[in-house]
Amino acid sequence: MRTLTERQQQVLDFIRGQQENEGTTPSLREVAAHFGFRSMTAAADHVRALRRKGMIEGAARRARSLQVRVPWRAGRRRVADIPVYGAIPAGFARDRRQEAKGCVSIDLETLGIRPTPRTFALEVRGDSMIGRHILEGDLVVFEHGMTPRPGDVVAALIDNESTLKTFMLNRGKPYLRAENPQYPDLIPATELVIQGVMVALIRKMESGHVPPLHTP
């Protein structure tokens, strides 16, 4: 990694600090306000420089999608910042655009996973997956690009509607199984696209602490 200027290091520390302390990534407007920049252009320039030097990932003008790539923090355990792209229904499928909500910082040793640039998280809405102990408000961590196996929990687009279900096969044909008898299985009429395979589950506690709960 290339050497950072003093200001670039300050911007990186600010982004990382917000992710660790608040659980979200600051917007370009917040970066500009924190450092007294007259416009968001200066903030975007520093973010682009950090991306160019391999310190962060994400679009320069979509600051909420940024991830700090430095995996080892001095004197601390190995931590990774995973982007949270809105919510996914664990109920009936819905046509819903995903919106970036920020990032969640996780302890890699505790979760036992190795995030990649294709790792992301979604917040659960609904109760169709309670049989797998996946509840409303949980954060499910996915890996995009993995080939699902029968029994894997997946984020999927079925006939252009998003949902969270268990991937299954029946005579070689895929379908999505709910883990709550109140919901039917979903059989694609035209298309089934797997957006990600679940690799971890994080449960938010009322105290604000976010302990890892489960990894498949």
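Extension gain, I187 to L135, is 16.4 nm, computed as 0.36 nm per intervening residue step minus the present C-alpha separation. Taking amide hydrogens as placed 1.01 Å from N in the peptide plane, the amide H of S162 sits under 5 Å from those of R94, D95, R96, each at least 5 positions away in sequence or on another chain. Peptides 31-42, 119-130, 150-161, ordered by how many other C-beta atoms sit within 10 Å of their residues on average, highest first, read 119-130, 150-161, 31-42. Once the other residues with Cβ under 10 Å from the Cβ of I158 are scored (Lys, Arg +1; Asp, Glu -1), what is the net sum? Computed value for this residue: -2. Could you tell me the center-to-center distance, by alpha carbons, between segment 127-180 and segment 27-56 in angstrom? Going from one Cα centre to the other spans 37 Å.
At 20 °C and a viscosity of 1.002 mPa s, what translational diffusion coefficient does Stokes-Einstein give for segment 129-211, taking Rh as the Kirkwood radius over Cα pairs? Give it in µm²/s as a whole number. Estimated diffusion coefficient is 159 µm²/s.
We did not get these values from a lab; they are worked out from the coordinates using the rules stated. The model shown is predicted, which means the values in this text are computed figures rather than measured ones. As a convention, Cβ positions derive from the backbone with ideal geometry for all residues, glycine included, and neighbour counts pool all protein chains shown.
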